[in-house]
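Here's the structure we're looking at; comments come further down.
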Amino acid sequence: MSRWEPNARERLATAALELYGDRGYEQTTVAEIAKCAGLTERTFFRHYADKREVLFASSGEFQELFVEAVAEALNSAAPIDALAAGLDAVSEMLAGQRDFVRARQAVIRANVELQERDLIKLESISAALADTLRRHGVTEPAASLAAEAGVAVFKVGFQRWIVAEEDLDLSRVMRESLDELKAVTAGGQ
């Protein structure tokens with residue numbers, strides 16, 4: 001095997017998802033993932049800390065993108081509209097990855113440990129959004145409520161997107177979900 005392997009990270013992620021789907025997360029080993037990808041365990045650990053991180057490797061980038069888009073929009077928009085900008089940014093990040101995301105979510109739904117990790121990720125995003133809103137002058141409890149609402153809109157829109165039979169535009173689904181929240185809070189149904 002050569003020292004350099006093209007697309008090793010992506011090959012490992014693809015192999016891991018395939019094996020997790022076929023055998024289950026708990027039953028799949030790092031050695032099996034590496035072998036399926038045509039790589040070594042050492043290569044796996046150059047890219048991922050453990051087999052769980054294959055599923056959460058982009059969490060930091062996702063959070064940073066969401067928070068930065070909200071922070072930038074807060075310079076000229078109301079908090080709820082700034083959250084919409086953040087939702088647009090993460091929607092763009094996920095565009096074109098629907099099959100991967102669907103497979104990833106199926107693995108997470110089948111494992112309590114991974115569900116917990118996913119919830120921790122979402123809580124971290126909410127905390128970072130609330131902090132950003134506070135730094136831009138949004139007082140409490142409005143900052144925390146808006147941040148939680150933004151994460152809730154993401155969760156609902158994301159779920160609608162991955163279960164839909166047709167290939168929906170994620171950004172549009174997020175905007176529709178946000179509009180639904182606005183309607184509910186304005187006294188609509």
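Annotations
- When both the stretch 20-36 and the stretch 97-156 are represented by their alpha-carbon centers, they are found 27 Å apart.
- Kyte-Doolittle at least 0.5, axis length at least 15 Å by Cα - qualifying DSSP helices, the chain: 79-94, 142-163
- Cα lying deepest toward the dipole's positive end in the chain, options Ala16, Phe66, Ala78, charges on Cβ: Ala16
- Legend: translational diffusion of the stretch 1-100 by Stokes-Einstein, Rh = Kirkwood radius over C-alpha pairs, 4 °C, 1.567 mPa s; D = 84 µm²/s.
- The GluC sites (Glu not before Pro) of the stretch 129-189 that DSSP puts in a loop, and whose beta carbon has at most 16 other beta carbons within 10 Å, are Glu165, Glu166.
- 18 Å reach of a label modelled at Asn75, 7 Å along Cα-to-Cβ, counting backbone N of the stretch 115-133: 132-133
- Net charge dipole size for the chain [Lys, Arg +1 and Asp, Glu -1 on Cβ; Debye, nearest 20]: 480
- Among the GluC sites (Glu not before Pro) within the stretch 1-70, those in coil by DSSP and having at most 13 neighbouring Cβ atoms inside 10 Å are Glu26.
- Entry note, the stretch 8-54: relative contact order of 42 percent, from Cα contacts under 8 Å with a spacing of 6+ residues.
- Cα-based shape type of the chain, given that a ≥ b ≥ c are square roots of the gyration tensor eigenvalues and the cut on a/c is 1.5: prolate
- Restricting the trypsin sites (Lys or Arg not before Pro) of the stretch 1-86 to loop positions (DSSP other than H, G, I, E, B) with no more than 12 neighbouring Cβ atoms within 10 Å leaves Arg3.
- As a size descriptor, the averaged projected area of the C-alpha convex hull of the stretch 8-54 was calculated at 2.5 nm².
No lab work stands behind these numbers, since they all come straight from the coordinates. Because the structure is a prediction, the values reported are computed rather than measured. Cβ sites come from the backbone with ideal geometry, for glycine too, and all protein chains shown count toward neighbours.
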